[in-house]
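The values are calculated or read from the model by the stated rules, or taken from the named source; none is laboratory data. For clarity, every value in this text was computed on a predicted model and none was experimentally measured. With ideal geometry, Cβ positions are generated from the backbone for all residues, glycine too; neighbour counts draw on all protein chains shown.
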């Protein structure tokens, strides 16, 4: 009897720098959701603000390559399955689940809110709206919807291009309600569409430009962004005298200066996303060991959906007990999620497309 061909995994043809950038962006998403605002504020401005924009642009970029209705629907449902799976699982941790009716549960499961504008609610159930049971997954919901309509966005190229210009050069569509409170907010659609339009540029060309022209600018931008983030942290800390860090810094006369808060503008997410790409390229070039981070990029989806419930399981006083507590807890949470992904990959690889959005190609090994 001829033995069956064993199953092996195809090596990934993805660029290392993309996966490095993906993992860094996922880690920033975890950092910004830390309950200790004294820590989270460090990751708000403006260098780090491209964390969600990066994934929206990247999703649009890969959807724009050989786009078709078949590809759009396939991408939509392959992302929808793990999105719904984990939000159903996490829903049992919701404190009000026992008192939640079916319409309200479905609204929260789908994460449905107003559409495009804060006041337009065409598809609500009994006037209800909701957010995903794992709230940070709102942008995954929007990536699903943007993927489904991507052929239309490409067809309406010029109107969509005008939308992008309006979103990132004016405040006309910058609502007082954050983008995560609106389904398909204009800024979200614009970021995804920007990726669609950039899909004609090959990744090798992007890498070539960054490697030869942007290294000094990357270092300057990182340094400037970090200083602005520190300034913002000091501004927030100055207005919260009950914080332990406020008392510590007061003894050094830090509050003799009035620290200004640095506010974001509409271009910061785009700038931050481009910077994350540059950081991935720079790390791959200058620090070869950073390539190992690309091995953990497939765990990004699990990081998106699982970090928030894990954060919420830790009592808030532990987060706020010390300024340095998040520097221990955040890496621990990321480590646990990555370890869970590696466990699934080793023992249950067939389930990865359905729980981790990790589509692995299996091929028979040649004799």
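At least 2 residues being modelled with pLDDT of 90 or more and touching a helix residue (DSSP H, G or I) at 6+ places or on another chain (Cβ under 9 Å) is the threshold, and among the helices (runs of 4 or more DSSP H) wholly inside the stretch 267-367 those reaching it are 300-313, 325-347, 352-355. The helices (runs of 4 or more DSSP H) falling completely within the stretch 119-232 that include 1 or more residues that are exposed (fewer than 12 other Cβ atoms within 10 Å of the Cβ) and modelled with pLDDT of 80 or more map to 150-155, 157-169. Residue 252 falls short on exactly one of the conditions (1) crowded, with 17+ Cβ neighbours inside 10 Å; (2) part of a loop (DSSP other than H, G, I, E, B); (3) at pLDDT 80 or above, and that condition is (1). All of (1) under 27 Å from residue 247 (Cα atoms); (2) in contact with a strand residue (DSSP E or B) (Cβ under 8 Å, 6 or more places away or on another chain) hold for residue 349 with one exception: (1).
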